[in-house]
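Q: There's a structure below that I have some questions on.
Bear in mind that the values in this text are calculations on the coordinates, not laboratory data. Fair warning: this is a prediction, and the values are worked out from it, not measured in the lab. Please note: Cβ atoms are built from the backbone with ideal geometry, for glycine as well, and neighbour counts cover all protein chains shown.
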Amino acid sequence: MGTTAKEEMARFWEKNTKSSRPLSPHITIYKWSLPMAMSITHRGTGVALSLGVSLFSLAALLLPEQFPHYLAMVKSLSLGPALIYSAKFALAFPFTYHTWNGIRHLV
């Protein structure tokens, strides 16, 4: 007669505990490398771009005014140059990084 699933699981965990093996590969086990960081950043910028395009499209559909009206509202806030350049960088970085990293990957 065969063993039950409960007995198999108990035997598995007992064997695993005796051998002191990790349960599964974990982020703390791996040594960080440049390709790993680039891959994670590429995925993050891809998600950010898709969310940004989706939100911009949804706003274009649902907001009552045209784009120049909202652009004039932002200009009327008289934000400082540091904030303006930071916002420009935050918008441009995902586009440029994702594009160049994708080209690098294809080459």
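Q: When the residues of the stretch 1-31 are narrowed to those that are in a loop (DSSP other than H, G, I, E, B) and of a type in the set (A, V, I, L, M, F, W, C), which ends up surrounded by the fewest Cβ atoms within 10 Å (Cβ to Cβ)? Please lay out each step first, then the result.
A: From the stretch 1-31, those in a loop (DSSP other than H, G, I, E, B) are 1-4, 20-31; that's our starting set.
Narrowing the set further to residues that are of a type in the set (A, V, I, L, M, F, W, C) leaves 1, 23, 27, 29.
Working: MET1: 3, LEU23: 7, ILE27: 7, ILE29: 8.
Filtering the stretch 1-31 for residues that are in a loop (DSSP other than H, G, I, E, B) and of a type in the set (A, V, I, L, M, F, W, C), the one surrounded by the fewest Cβ atoms within 10 Å (Cβ to Cβ) comes out as MET1.
Q: When you go through (1) in contact with a Pro (Cβ under 9 Å, 6 or more places away or on another chain); (2) surrounded by fewer than 10 Cβ atoms within 10 Å (Cβ to Cβ) one by one for ALA48, which number turns out not to apply?
A: With respect to (1) in contact with a Pro (Cβ under 9 Å, 6 or more places away or on another chain); (2) surrounded by fewer than 10 Cβ atoms within 10 Å (Cβ to Cβ), ALA48 is out only on (2).
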